[in-house]
Amino acid sequence: MTPRMITLARNNANKLETSNVMLKRGHIEQIPQEETTVDLVISNGVIALSEWKHMAFSEIYRVLKPGGRFVISDVVTTSLLPESVRDQTGQWVECVAGAALKSDYLSMIESAGFTDVEILEERSGPEGHEEWRSLLTSLTIRAFKRAQ
Ligand SMILES: C[S@@+](CC[C@H](N)C(=O)[O-])C[C@H]1O[C@@H](n2cnc3c(N)ncnc32)[C@H](O)[C@@H]1O
């Protein structure tokens with residue numbers, strides 16, 4: 001993520017005359033937010049790009065309030081992608097090369113402490129002509145931090 005993205009988002013927030021938007025730049029593995037301060041975390045196509053997905057889930061858990069939840073959409077794989085694909089920088093940018101195995105992805109969520117993990121939507125894709133693309137699945141997952 002770049003400072004220009006934050007500037008664009010800030011300009012859009014200004015255009016909408018919002019008074020409840022605060023933008024922070026940071027890494028998902030080290031979220032610049034106090035612990036237990038957040039009701040809901042949403043994310044689309046970011047964690048698949050992280051090499052340290054377990055840290056991202058731990059961080060989401062840390063910032064959520066007890067009873068808080070996340071709703072995350074991401075690309076996962078149903079079996080291991082060919083090494084040639086995992087090594088391609090271009091496929092990292094497409095969120096494909098870093099995609100975790102679905103079972104590993106769900107295990108990382110549970111290991112971080114989340115409960116009531118539910119797949120809200122699952123669909124094949126993103127599409128393309130290469131055979132290995134049939135291994136890709138788009139998930140939308142919701143999970144909760146246990147209420148105290
Ligand atoms: C596929 S885009 C998705 C963007 C947006 N969520 C959307 O739905 O349009 C992935 C975004 O994740 C950001 N990103 C990649 N690795 C990250 C990390 N470790 N921490 C935070 N953001 C990251 C990238 O800069 C990029 O903006």
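The values are calculated or read from the model by the stated rules, or taken from the named source; none is laboratory data. Predicted, not measured: the structure shown is a model, and the values here were computed from it. Here Cβ is always computed from backbone atoms with ideal geometry, including for glycine, and neighbour counts include all displayed protein chains. Areas reflect the complete protein model, heavy atoms only, side chains present, ligands, DNA and RNA absent. Shrake-Rupley method; radii C 1.70, N 1.55, O 1.52, S 1.80 Å.
Protein-only accessible surface at a 1.4 angstrom probe places the residues Ile42, Ile109 in the order Ile42, Ile109, largest first.
Across the chain, the relative contact order, built from alpha-carbon pairs under 8 Å that are at least six residues apart, equals 24 percent. Relative to the longest principal axis of the Cα atoms of the chain, the long axis of helix 3-15 lies at roughly 50 degrees. Rolling a 1.4 Å probe over the protein heavy atoms leaves Lys65 with an accessible area of roughly 70 Å². Each of Ser79, Ser134, Ser19 has its accessible area taken with a 1.4 Å probe; listed largest first, they run Ser19, Ser134, Ser79. Within the listed set Glu131, Glu35, Glu59, the residue fluctuating most in the Gaussian network model of the chain (springs between alpha-carbon atoms under 10 angstrom) is Glu131. Remark: segment 131-140, residue by residue, has Karplus-estimated 3J(HN,Hα) of 4, 5, 5, 5, 7, 8, 9, 9, 10, 10 Hz, where x stands for each Gly or Pro and the curve is 6.51 cos²θ - 1.76 cosθ + 1.60 at θ = phi - 60°.
Annotation: per residue accessible area for the chain equals 63 Å², rounded to a whole number [probe 1.4 Å, protein chains only]. Under 20 Å of direct C-alpha separation, and excluding same-chain neighbours fewer than eight residues apart, Lys65 reaches these aspartates and glutamates: Glu29, Glu34, Glu35, Asp39, Glu110, Asp116, Glu118. Using a Gaussian network model of the chain in which every pair of alpha carbons under 10 angstrom is joined by a spring, one finds that among Glu121, Glu29, Glu110 the greatest mean-square fluctuation is at Glu121. Helical content alone sets the calculated 222 nm signal of the chain at -8000 deg cm²/dmol, taking -39,500 (n - 2.57) per DSSP H segment of four or more residues and averaging over every residue.
Note the angle between two axes, namely the Cα long axis of helix 102-111 and the longest principal axis of the Cα atoms of the chain, as a number of degrees from 0 to 90, rounded to the nearest 10. Here the helix axis deviates by roughly 30 degrees.
Counting protein heavy atoms only, segment 25-144 has 48 percent of its accessible area on carbon and sulfur, 1.4 angstrom probe. For Lys15, go through the lysines and keep the ones whose alpha-carbon is under 19 Å away, minus same-chain ones fewer than eight residues off. By straight Cα distance, Lys15 reaches Lys24.
Computed about its Cα centre, the charge dipole of the chain is approximately 620 debye, with only Lys, Arg, Asp and Glu carrying charge at their Cβ. DSSP finds beta bridges in segment 34-144, and of those with both partners inside it, around 65 percent are antiparallel.
Per-residue 3J(HN,Hα) values for segment 25-39, derived from phi via the Karplus relation 6.51 cos²θ - 1.76 cosθ + 1.60 with θ = phi - 60°, read 9, x, 9, 5, 7, 8, 6, x, 8, 4, 6, 6, 10, 10, 7 Hz in sequence order (x marks Gly and Pro).
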